[in-house]
Amino acid sequence: MGLVELVRQALSGLLMIEQELLLFAGFWVLIGTLDEVAVDCCWLWFRMTGRARTQRITGDAARAPLRGKAAIFIAAWQEDQVIGHTIRHALSAWRQDDFTLYVGCYGNDAATVGAAMEGAGTDARVRAIIHERAGPTTKADCLNRLYRALCDDERQSGRAYRCVILHDAEDMVHAAELAVVDAGLASADFVQIPVRPEPQAASRWVGGHYLDEFTEAHTKSLVVRDALGAAIPAAGVGCGFGRDMLERIAQGRLAEGNPGPFAAECLTEDYELGVLVSREGGRSRFLRVRDEQGELVATRAYFPARFRESIRQKTRWIHGIAFQSWERLGWEGSSADTWMALRDRRGPLTAIVLASSYALILVEGILGVPRILGWETATKPPPMLAWMIAVGLFSLVWRSVVRAALTTREYGVAEGFRAILRIPVANYIAIMAGRDALASYIRTLRGGEVTWDKTRHDAHPASLGGVAAA
């Protein structure tokens, strides 16, 4: 067989691969486009009818006394670089006195314990709780230890807390958060405020892609969920739970042998907890509120700035939300709940579709060489495939425009422009995280232990001057 014939056979195989990739990627891009356009239409309708308006809060309302005592839970393992800044900023930002900041630490992490104690100073509103087990356990296990400390404090004081608010060790809170959460819990059992990743000059691409994703999710997607009455997943930060609802969930966990409301074996215990509120018949709300200066009442933080850390973090999210929640929570709820659960759990499929799309680009690049040389390699696609390709191009343009517009609104024109350029970065991280999440899930099916594969934080917005104190 001659060289020319071998080349022709290779090209014939590549053309077959091209066709299959086009069919596979085109079909799932079509499904994804219909899903995203449906969410966009719902959001625009709710905006026009006034059901998705961002509320306002005055300075006096932001400093108003709380309706009852609030407990803030922070689990901290190897967070000595940031926990002190988080505590100091929270104590200075929140003017109310009727709250207790519970910080969960471990005896074998003296650096974090010392940083937490230094950040608290002599402020009686902070309680450092040392876990009786060596760290790291899981975040949920640490939060359950804080819950037991809360219950002990209630028994000793004879006074019950009204709500529990979750935060992470690297968070920078807004001054109006307590007031917003407190007001929201007057008519709900669980409320979530937005998360606002902070721009990082040293990581415009990896750290910056969180700006685009959280802005789109917390400006549009969660607003639609709230308006539809679907379950609101907790983000683990800036989320407040009514004390009675948390106790009800904790009682239900006892049958599973779980010593608290947080599922110790779950990697995304916060997500699951938010969904369980709806399953228990409670009301959930997502609250978008701006202060007098127009700033969003949100939790601010720096997100991972390097590929490896970002992939690890998103691996944990996909493992917990796509695999564990499917297994643990099933598909109960309304049609809106089912729709949103499908969106939440699409991470592994998204990774496969994205990988197929980039493989298609590679194949097209290879086939481009003989086409330039004049070899006949073009085949007329079937009409349906041609429509799929057109929909894919429309989807790419539409998603880029929407993402850029929302990011521009929150962060300015420069970040809005970068949002388009960051799409390949976000896609690469999604592909690698989807692959690693599947491998991680398979390990647990084989008996592997679920551990706290946490993200390490070395910087805090309040310490670097990234954000003025709210």
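The values are calculated or read from the model by the stated rules, or taken from the named source; none is laboratory data. The shown structure was predicted, so the numbers you read here are calculated from the model rather than taken from an experiment. Please note: Cβ atoms are built from the backbone with ideal geometry, for glycine as well, and neighbour counts cover all protein chains shown. The accessibility values were calculated without ligands, DNA or RNA, using every heavy atom of the protein model including side chains. Shrake-Rupley method; radii C 1.70, N 1.55, O 1.52, S 1.80 Å.
Scanning region 326-356 for residues that are in contact with a Leu (Cβ under 8 Å, 6 or more places away or on another chain) and more than 30 Å from Ala227 (Cβ to Cβ) returns a single hit, Ser356. Candidates Ala188, Ala160, Ala175: the one that is touching a strand residue (DSSP E or B) at 6+ places or on another chain (Cβ under 6 Å), surrounded by fewer than 24 Cβ atoms within 10 Å (Cβ to Cβ) and among the hydrophobic types (A, V, I, L, M, F, W, C) is Ala188.
Among the residues of region 278-290, those that are assigned to a loop (DSSP other than H, G, I, E, B) and either closer than 19 Å to Ser221 by Cα or hydrophobic (A, V, I, L, M, F, W, C) (or both) comprise Arg283, Leu287, Arg288.
Based on what the data block shows, is Gly135 modelled with pLDDT of 95 or more, not aliphatic (A, V, I, L, M) and not in a helix (DSSP H, G or I)?
No.
Cβ separations smaller than 6 Å between residues 6+ apart or across chains give the following pairs from region 127-150 residues that are more than 24 Å from Leu91 (Cβ to Cβ) and of a type in the set (A, V, I, L, M) to residues that are open to solvent by less than 20 Å² (accessible area, probe 1.4 Å) and in a helix (DSSP H, G or I): Ala140/Glu269. Each residue in region 92-119 was checked for being surrounded by 15 or more Cβ atoms within 10 Å (Cβ to Cβ) and within 28 Å of the chain's Cα centre (by Cα), and 16 of them qualify.
List the strands (runs of 3 or more DSSP E) inside region 169-277, counting only whole elements, that have at least 3 residues being under 27 Å from Gly416 (Cβ atoms). The qualifying strands (runs of 3 or more DSSP E) are 195-197. Scan region 388-409 for residues that are of a type outside the set (S, T, N, Q), more than 14 Å from His209 (Cβ to Cβ) and within 23 Å of the chain's Cα centre (by Cα) and report the count. Residues that pass the stated criteria total 6. Within region 411-470, the only residue that satisfies the criterion of being modelled with pLDDT under 85, basic (Lys, Arg) and open to solvent by less than 40 Å² (accessible area, probe 1.4 Å) is Lys454. When the residues of region 64-100 are filtered to those that are part of a loop (DSSP other than H, G, I, E, B) and without any contact (Cβ under 8 Å) to a residue 60 or more places away in the chain, the one that is farthest from Leu143 (Cα to Cα) is Pro65. Scan region 351-376 for residues that are farther than 21 Å from Ile423 by Cβ and either modelled with pLDDT of 90 or more or surrounded by fewer than 18 Cβ atoms within 10 Å (Cβ to Cβ) (or both) and the total you get is 10. Looking for whichever is crowded, with 16+ Cβ neighbours inside 10 Å and over 18 Å from Leu166 (Cβ atoms) here; the options are Gln78, Gln55. Which one fits? Within the list Gln78, Gln55, the selection yields Gln78.
If you go through region 233-244 and pick out every residue that is open to solvent by less than 10 Å² (accessible area, probe 1.4 Å) and touching a Cys at 6+ places or on another chain (Cβ under 9 Å), you end up with 2. Return yes or no: is Pro348 crowded, with 16+ Cβ neighbours inside 10 Å and part of a helix (DSSP H, G or I)? Yes, satisfied.
Residue count for region 382-404, restricted to those that are at pLDDT 95 or above, in contact with a Gly (Cβ under 8 Å, 6 or more places away or on another chain) and open to solvent by 60 Å² or more (accessible area, probe 1.4 Å): 0.
In the condition set (1) outside any loop (DSSP other than H, G, I, E, B); (2) open to solvent by less than 50 Å² (accessible area, probe 1.4 Å); (3) over 27 Å from Val180 (Cβ atoms); (4) not acidic (Asp, Glu), Arg308 is compliant with all but (2).
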